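First comes the structure, then the notes that go with it.
The values are calculated or read from the model by the stated rules, or taken from the named source; none is laboratory data. These figures come from a predicted structure and were not determined experimentally. Cβ atoms come from the backbone with ideal geometry, glycine included; neighbour counts cover every protein chain shown.
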Ligand SMILES: [Zn+2]
C-alpha cells in the first residue's frame, strides 16, 4: 500500500492531464445524483431522413423530462452548465433491451460446457446446475445483475425488460435481486421485471395440472414490482402441456394486469407445430387486450420465433391478419438463435440450418411490430456478444443483407422505439421518431465520433453519453494507447538527466504546495513535462503511451 502522501502527490500531478474533460465529468456525476430541470444539448446531428437536415448541427433543449424545443445550432461551443457540447455527434432515442436475462448473465465460468457436447438440452442442464447456487448467494446475483445493468446504461440503454427465473430451483431469489437493482438504478434506467418460467410448469409428462414451478410463479406475482410474466412452452414434455402452458400464462397475465412474454417456436423444423397460432387463439378467447396505440395497453411479446421463418408468404399474410389489433410484438434474438440452433447437423458441409427473425424484411413486407434484443450475456445459451443493442444492428446488416436507408432505420428502430413498445411503454412516453421532436421524452444516447445513422449501425463508436429524463446519467469513454515511434530513443540520455533533476528538485514541489491553484504557466510546464516523460518512457520500456480520448 502506498503512503498517503504519495497518493496525494500522484492525484495532484494528474490534475492538469485530466482537466480537459473535467467539466463534462462533473456534469455527469452531478446530474446522475440530482436530475436537472433543464438540459441544453448543443451541436448534435439528428437522424433526419433528409440528407441536408441530417448534416446540420442542432440544439435540443430539454425541460423537465421532455423535449421543449429543437432548433438549428448557432455554432457556439460555449457550454456552461446545464448545457453541453456534443461536438457534431449523433443523437438518437435511447436504446432498450426488450428481452434480457438479468439473473443468469455472466455465469459462463461455472457452466463448464465448452468441453461438453452442446445443444439446447445440454445448455438447460448446465444452467440448471449453476442456478442451484443462486438462492444461497444473493450477493453474487446482485453483483452480476448490477454489472449487466450498469454496462447497459453505459451503452445508452435507459429501459429494459429484465427476465428473472422463478421456479423450484431458485425460488424467489432472482426476483428479490431484480427488485433491489430496479430501485438502485431507477434514476438511470427503467428495469421492468418479468418473472419467467424457463423450467416446465408441469412436473411429469402425464400431468394435466401444473406443478411446483407454477406455484412459485403465482407466488412471485404477489410482488407489486412485477410487470410481466413469461414462459418457454417448448420446454414442456409434450405439445398438450406446451399449449396449456400458454393458456396458464395468458390467464395469469389477464388476472394480474401484466404483460405476457413467451419464448416460443424456437426451432427451424418444418415438422413442428408453430405455437404462435395457439397464443393468438387463446389471447382472443381470454380477451381484454387493447391495441398497441392505446395509452394503457398490455402487450404480448414473442421471442425467438425462428420457426416462423419457414412460413410461406401466404402464411405470413395469414399471421398478419390473425394478429390484427392484438398488441403482439415479435422479438428477434439473433445472438442466441445463431449460436444454439441446428446442433444435430454440425457435420454437414454447409453447417447447421439456422435462422432468426428477418427484422427489416418482416417489418417492411408485413408491417408487423418487430424488435431485436440481446437476450443473454455470457451463459450456456449465448456465450458470445456484448450488452450493446447497437451491436445487433451491425450483425443484422450482414445477417439480413440490409444496408438500404430504409432497412438501416428499421434496424435502429428495432433496438429503440419498437423495443420500447414491446415493454408496453405508453405511446405518450415514446419518441415520435428517430429524431427528437417537441414533447418527446428526453431519453437519448449520444454516439460520439459518429455523425450519421449509417455509422451508428455499420460501425458504432464505443463512446456514448446516456441521457434519461433530461439528465446525463452515464458516459463511456475509450482509453486508447499506441506505441510511440522509436525515434525518441535518441533523446533518452538527455531525458533521464532532466527527469532526475526535476524529480529531485524540492522547491518545485514546495511551490505547488504554497501556491495551490497557482500559476497557469507553471501548470502547463508541468503538463508538458509529464507528457514528454510518458512518451519517452513508453519508448524506452517499451510501454504504451496512454491518453484519454474524449
Ligand atoms: Zn430469453
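Take the conditions in contact with a strand residue (DSSP E or B) (Cβ under 9 Å, 6 or more places away or on another chain) and closer than 26 Å to residue 320 by Cβ and apply them to residue 389. Does it pass?
Working: in contact with a strand residue (DSSP E or B) (Cβ under 9 Å, 6 or more places away or on another chain): yes; closer than 26 Å to residue 320 by Cβ: yes.
Yes, satisfied.
Tally the residues that are within 16 Å of the ligand (Cβ to nearest atom) and in contact (Cβ under 8 Å) with a residue 60 or more places away in the chain, restricting the search to segment 373-391. Write out each step before concluding.
So the first thing to find is which residues in segment 373-391 are within 16 Å of the ligand (Cβ to nearest atom), and the list is 373-385, 387, 389.
Filter again for in contact (Cβ under 8 Å) with a residue 60 or more places away in the chain, leaving 373-381, 383, 387, 389.
Going through segment 373-391 one residue at a time, the tally reaches 12.
Yes or no, residue by residue, for (1) away from the ligand (no atom under 16 Å from the Cβ); (2) touching a strand residue (DSSP E or B) at 6+ places or on another chain (Cβ under 7 Å); (3) assigned to a strand (DSSP E or B); (4) modelled with pLDDT of 85 or more:
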site: 54; (1), (2), (3), (4): yes, yes, no, yes
site: 59; (1), (2), (3), (4): yes, yes, yes, yes
site: 78; (1), (2), (3), (4): yes, no, no, no
site: 81; (1), (2), (3), (4): yes, no, no, no
site: 105; (1), (2), (3), (4): no, no, no, yes
site: 116; (1), (2), (3), (4): yes, no, no, no
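Which one is farthest from the chain's Cα centre (by Cα) among residues in segment 280-306 that are in a helix (DSSP H, G or I) and away from the ligand (no atom under 16 Å from the Cβ)?
285
May I ask you to verify whether residue 347 is without any contact (Cβ under 8 Å) to a residue 24 or more places away in the chain and within 30 Å of residue 126 (Cα to Cα)?
Criteria met by residue 347.
Within segment 329-359, how many residues turn out to be buried (at least 24 other Cβ atoms within 10 Å of the Cβ) and away from the ligand (no atom under 16 Å from the Cβ)?
Of the residues in that region, 1 qualify.
With the checklist (1) under 20 Å from residue 310 (Cβ atoms); (2) touching a helix residue (DSSP H, G or I) at 6+ places or on another chain (Cβ under 7 Å) in hand, flag the one item residue 232 doesn't pass.
Of (1) under 20 Å from residue 310 (Cβ atoms); (2) touching a helix residue (DSSP H, G or I) at 6+ places or on another chain (Cβ under 7 Å), only one is false for residue 232: (2).
Can we say residue 288 is touching a helix residue (DSSP H, G or I) at 6+ places or on another chain (Cβ under 7 Å) and within 21 Å of residue 421 (Cβ to Cβ)? Outline the logic, then answer.
On the way: touching a helix residue (DSSP H, G or I) at 6+ places or on another chain (Cβ under 7 Å): yes; within 21 Å of residue 421 (Cβ to Cβ): yes.
Yes; evaluated as a whole, the condition is true for this residue.
In segment 426-465, which residues are within 17 Å of the chain's Cα centre (by Cα), closer than 29 Å to residue 260 by Cα and in a loop (DSSP other than H, G, I, E, B)?
Listed by number, the list holds a single entry, 443.
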